[in-house]
Amino acid sequence: MTRPSRPLRLVVLSGGVGGARFTRGLLAHLDRTGLEADVTVVANTGDDMTLHGLRICPDLDTLMYTLAGVVHEEQGWGRRDETRRVADELAPYGVGWEWFTLGDRDIATHLARTSLLAAGATLSEATARLSARWDLPVTLRPMADEPVETHVELADGSLLHFEEWWVRTRAAEVPRRFVQVGVDEASAAPGVVEAITGADAVIVPPSNPVVSVGTILGVPGIAEALSATAAPVVGVSPLIGGAPVRGMADACLAAIGVAATAEAVAVDLRARHGRLDGWLVDDADAAAVAGLREAGIEALARPLWMTDLDATAAIAGAALGLAFELAAGLSQRG
Ligand SMILES: O=c1nc2n(C[C@H](O)[C@H](O)[C@H](O)CO)c3cc(O)ccc3cc-2c(=O)[nH]1
């Protein structure tokens with residue numbers, strides 16, 4: 001491919017843990033190959049909530065902690081070396097969500113964000129301020145400055161905040177539908193459309209295709225930017241052998257009537273959001289490659305388990321390689 005002489009401009013449309021780990025692998029790949037790049041990560045904010053008066057943005061924080069090197073590795077979210085003295089003191093009062101663990105260090109992040117917002121900052125500005133503390137190697141942007149909250153409608157018509165369904169019930173019931181409260185009044189946060197339209201490649205990491213990537217692409221202006229960009233849009237399947245790499249994406253897919261397969265997810269993403277040029281599936285799903293190519297999505301089978309940084313960097317390298325091939329129109333079939 002012909003790579004530009006300036007640093008590459010890459011955009012990642014990310015949910016929480018899967019997208020954060022992928023982005024860490026992407027940065028490692030860039031570092032190891034000596035490729036210079038400006039990476040913009042656009043984060044889902046549909047999981048956000050206000051709890052104890054604090055504005056909590058799980059995916060933004062998971063990205064920030066992971067890329068700052070301070071995440072709790074086993075959990076995938078929250079801070080490592082965390083304590084929970086505040087949560088232990090709050091529990092006996094019986095207010096809030098005692099099943100949603102807020103660590104003390106993490107609470108400091110929510111306090112800082114909430115005070116910045118109360119002083120008039122937008123979520124983009126607050127995110128930039130919080131990110132500055134960690135000197136992040138990416139530009140981290142929320143998908144929108146306006147609050148957008150994913151709610152889950154169950155079969156009996158009751159509505160739960162996404163986190164209540166996800167964390168408290170462990171996605172026990174297949175929802176009737178997801179409702180993105182506030183999305184119609186929202187617009188892409190400053191810099192998001194420009195990043196996508198000016199990108200050399202847009203990457204969809206192995207994040208939840210419905211409530212993470214789907215929510216980002218549902219923000220007015222973002223799918224339009226994706227359709228307009230000259231950059232290839234490539235994704236990494238969040239499903240391997242019919243099961244999610246992490247989390248409960250299969251329950252989310254069931255709610256929107258999409259099969260939990262690498263192929264169905266790619267076809268659905270393109271059908272609903274208008275653009276997907278390339279898709280990596282795991283070797284276990286190599287049989288899906290032919291069908292994807294027939295559907296007009298260039299596909300490759302590669303090992304996709306993000307078992308460690310080396311494996312994740314290789315996945316990111318494969319995604320980037322596919323993007324470069326597509327950009328150069330050199331995609332080889334077979
Ligand atoms: O499974 C859990 N996930 C927790 N998460 C992770 C997160 O809520 C979900 O995994 C994602 O929102 C889904 O992408 C937290 C994230 C935060 O930023 C702050 C607090 C929590 C608390 C929990 C928790 O108690 N249990």
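Checking every residue in segment 129-152 against the condition of being charged (D, E, K, R), surrounded by 16 or more Cβ atoms within 10 Å (Cβ to Cβ) and in contact (Cβ under 8 Å) with a residue 60 or more places away in the chain gives at least one match. Of the residues in segment 103-116, not one is away from the ligand (no atom under 12 Å from the Cβ) and either under 20 Å from the mean Cα position of the chain (by Cα) or assigned to a loop (DSSP other than H, G, I, E, B) (or both).
Is there a residue being in a loop (DSSP other than H, G, I, E, B), within 16 Å of the ligand (Cβ to nearest atom) and under 23 Å from G257 (Cα atoms) anywhere in segment 176-192? No. For segment 67-85, the tally of residues that are in contact with a Gly (Cβ under 8 Å, 6 or more places away or on another chain) and within 13 Å of the ligand (Cβ to nearest atom) stands at 8. Going by the conditions given, is A119 away from the ligand (no atom under 16 Å from the Cβ), at pLDDT 95 or above and small (G, A, S)? So A119 passes the test. For segment 108-145, residues that are in contact with a Ser or Thr (Cβ under 7 Å, 6 or more places away or on another chain) and of a type in the set (D, E) total 1.
The single condition among (1) outside any helix (DSSP H, G or I); (2) more than 17 Å from D48 (Cα to Cα) that R129 does not meet is (1).
Here V219 clears all of (1) in contact (Cβ under 8 Å) with a residue 40 or more places away in the chain; (2) assigned to a loop (DSSP other than H, G, I, E, B); (3) surrounded by fewer than 24 Cβ atoms within 10 Å (Cβ to Cβ); (4) more than 16 Å from the ligand (Cβ to nearest atom) except the condition numbered (3). L276 passes every criterion in (1) aliphatic (A, V, I, L, M); (2) assigned to a helix (DSSP H, G or I); (3) at pLDDT 95 or above apart from (2). The strands (runs of 3 or more DSSP E) found entirely in segment 3-62 that carry 2 or more residues being of a type outside the set (F, W, Y) and within 12 Å of the ligand (Cβ to nearest atom) are 49-51, 54-56.
The values are calculated or read from the model by the stated rules, or taken from the named source; none is laboratory data. Quick caveat, the model's predicted, so the values are computed rather than measured. Quick reminder, even Gly has a Cβ in these numbers, built from the backbone with ideal geometry, and neighbours come from all protein chains shown.
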